[in-house]
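The values are calculated or read from the model by the stated rules, or taken from the named source; none is laboratory data. Please read all numbers here as calculations on a predicted model, not as lab measurements. Quick reminder, even Gly has a Cβ in these numbers, built from the backbone with ideal geometry, and neighbours come from all protein chains shown. Only protein heavy atoms, including side chains, enter the accessible area calculation; ligands, DNA and RNA are left aside. Shrake-Rupley method; radii C 1.70, N 1.55, O 1.52, S 1.80 Å.
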Amino acid sequence: CPKNFPPPPVRILSPADGATYRLLPSVYRTVTQKLPLEAAADGLPPGTRLHWFVDDRPVGTTLPRETLFWPLRRGRHAIVCAAPGHLRASTAVITVE
């Protein structure tokens, strides 16, 4: 981050921005394959819940470093994690083949 700006309060740890995932055909029809969503939050009050969105749709909330599982769907997806009251959020764009 530039010296004039504080670090973002939320950092997505999983998934990595730019990652590509493949649905496994052998289990695609029998098991829902899920992606772990996890973020760190520095400098936020204890107990602050993080809000997760995939393609602008809310998918759940977690505490920092707690895992939320999102069912994989084919396509390109923007995953956003934000803390309430903060204008900055963390974004990861992934592709599922």
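Restricting attention to the stretch 44-67, the residues being part of a loop (DSSP other than H, G, I, E, B), in contact with a strand residue (DSSP E or B) (Cβ under 7 Å, 6 or more places away or on another chain) and at positive phi number 2. The set of residues in the stretch 49-64 that are of a type outside the set (Phe, Trp, Tyr) and buried (at least 16 other Cβ atoms within 10 Å of the Cβ) comprises Leu50, His51, Val54, Val59, Thr62, Pro64. Right, Thr67: among the polar types (S, T, N, Q) and open to solvent by less than 50 Å² (accessible area, probe 1.4 Å) or not? No: the conditions fail for Thr67.
Residues that are more than 17 Å from Leu13 (Cβ to Cβ), assigned to a strand (DSSP E or B) and open to solvent by 50 Å² or more (accessible area, probe 1.4 Å) within the stretch 73-92 comprise just one, Arg76. Does Trp70 qualify as being under 10 Å from the mean Cα position of the chain (by Cα), over 13 Å from Ala92 (Cα atoms), part of a strand (DSSP E or B) and not β-branched (Val, Ile, Thr)? When the stated conditions are applied, Trp70 passes them. Against the condition modelled with pLDDT under 95, part of a loop (DSSP other than H, G, I, E, B) and either touching a strand residue (DSSP E or B) at 6+ places or on another chain (Cβ under 8 Å) or open to solvent by less than 90 Å² (accessible area, probe 1.4 Å) (or both), how does Val31 come out, does it pass? So Val31 fits the description; yes.
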